[in-house]
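For reference, the structure is listed below as C-alpha cells.
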Amino acid sequence: MFFFREKIAISLQFLAPKAIKSFCRLSDSAYLCGMMTTNFTGESRRPGRIEVVCGSMFSGKTEELIRRLKRAKFAKQKVEIFKPSIDTRYSDNDVVSHDQNSIPSTPIDSSSSILLLAGDNDVIGIDEAQFLDDGLVDVCNQLANRGTRVIVAGLDMDYKGVPFGPMPALCAIADEVTKVHAICVKCGALAYVSHRLVKNDKRVLLGETMEYEPLCRECYQRILSEER
C-alpha cells in the first residue's frame, strides 16, 4: 500500500495546483494529499527562511548543501554560495564535499561580506559556517527577513564536543534544522562527535580522515577515558 501511494504521489506532483486541490477534496488520504501539497508549494515558492544543516564530520552536511543549491539552480533561481577563505582543503574557490561533488563559491573572511555580495539572489548558501564570526547570525536574519532563502551548513560541535562558533545561535533562529549523522567507525552506531586523532589543541584544525574520525557518544567517552 505504501509503495502504491508513493507511485501516485510521484505521478500527481506534476499536476497543476487546481488539479491537486480537486484531488485532495475527493480523496480520503490525508497522507497522500499532504505529500503532494508539500511537494508543490515547496517547488513553486520558497519564502525568506533560514535552513541549517549540521552534524559531525563525514555526515554529509556539504553534500546536502550542494544538493539543495543545485536543485534551486535547476529551478532557475538565482543562487550565490559563500565559504570561509581558510577552507582550502579541496579547492580555493569551490565548495567541495568529501565525495568530490562541488559547486562554485565565493571565499570570504567576514560574514559582513555576504550582505555586500548577496545582491538580489533568491538563495544564499554558506558552507563551513562554524569558521565564520558571530555576526553571521544577524546577516542570515537580515537576508531571510528580506525574502532570501538562506541555507547554512556547518559543524555543530568541535572536537571536544563543545558547540562551535555561530552554529548554536543559527540553529536557534532557523526555520528548519536538519541534523545529519556520520557512522561511528568503532561500532557502527550514529556518530555524535568528530574525534581528533592528532595531538593539537587548536580549536580550528583543517583535516580529513587522517586527522578526525566520527564516533558515537559511548565510544567517544571510552576513548577519552583511555587517553587520560
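The values are calculated or read from the model by the stated rules, or taken from the named source; none is laboratory data. Every value quoted in this text rests on a predicted model; they were computed, and no experiment measured them. Glycine gets a Cβ as well: all are built from the backbone with ideal geometry, and neighbour counts include every protein chain shown. Side chains included, ligands, DNA and RNA excluded: accessible areas come from the protein's heavy atoms. Shrake-Rupley method; radii C 1.70, N 1.55, O 1.52, S 1.80 Å.
Looking only at the range 115-128, decide whether some residue is part of a helix (DSSP H, G or I), under 12 Å from Pro84 (Cα atoms) and hydrophobic (A, V, I, L, M, F, W, C).
The answer is no; no qualifying residue exists.
Quick one: is Val150 aliphatic (A, V, I, L, M), within 13 Å of Met57 (Cα to Cα) and out of contact with any Pro (no Cβ under 6 Å at 6 or more places or on another chain)?
So Val150 does not fit the description; no.
Looking at (1) buried (at least 16 other Cβ atoms within 10 Å of the Cβ); (2) at pLDDT below 95; (3) charged (D, E, K, R), can you tell me which one Asp92 breaks?
In the conditions (1) buried (at least 16 other Cβ atoms within 10 Å of the Cβ); (2) at pLDDT below 95; (3) charged (D, E, K, R), Asp92 misses (1) alone.
Identify all residues within the range 184-199 that are open to solvent by less than 60 Å² (accessible area, probe 1.4 Å) and over 17 Å from Asp158 (Cα atoms); write none if there are none.
Result: Gly188, Ala189.
Assuming Asp175 fulfils every condition listed in (1) at pLDDT below 90; (2) closer than 30 Å to Arg49 by Cβ; (3) not aliphatic (A, V, I, L, M) apart from one, which condition is it?
Of (1) at pLDDT below 90; (2) closer than 30 Å to Arg49 by Cβ; (3) not aliphatic (A, V, I, L, M), only one is false for Asp175: (1).
To keep it simple, each residue is scored yes or no on (1) open to solvent by less than 10 Å² (accessible area, probe 1.4 Å); (2) more than 28 Å from Arg196 (Cβ to Cβ); (3) under 17 Å from the mean Cα position of the chain (by Cα); (4) charged (D, E, K, R).
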site	(1), (2), (3), (4)
Ile114	yes, yes, no, no
Val123	yes, yes, yes, no
Asp133	no, no, no, yes
Asp138	no, yes, no, yes
Asp156	no, no, yes, yes
Val162	no, no, no, no
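Could you tell me whether any residue of the range 168-178 is in a helix (DSSP H, G or I), within 19 Å of Thr62 (Cβ to Cβ) and touching a residue at least 60 places away in the same chain (Cβ under 8 Å)?
Yes, because at least one residue in the range 168-178 is in a helix (DSSP H, G or I), within 19 Å of Thr62 (Cβ to Cβ) and touching a residue at least 60 places away in the same chain (Cβ under 8 Å).
List, please: which pairs have Cβ atoms under 9 Å, are six or more places apart or on different chains, and start with a residue in the range 138-156 that is without any contact (Cβ under 8 Å) to a residue 12 or more places away in the chain and end with one that is open to solvent by 10 Å² or more (accessible area, probe 1.4 Å) and assigned to a helix (DSSP H, G or I)?
none
Report yes if some residue within the range 191-204 is in a loop (DSSP other than H, G, I, E, B), touching a strand residue (DSSP E or B) at 6+ places or on another chain (Cβ under 9 Å) and modelled with pLDDT of 95 or more; otherwise report no.
yes
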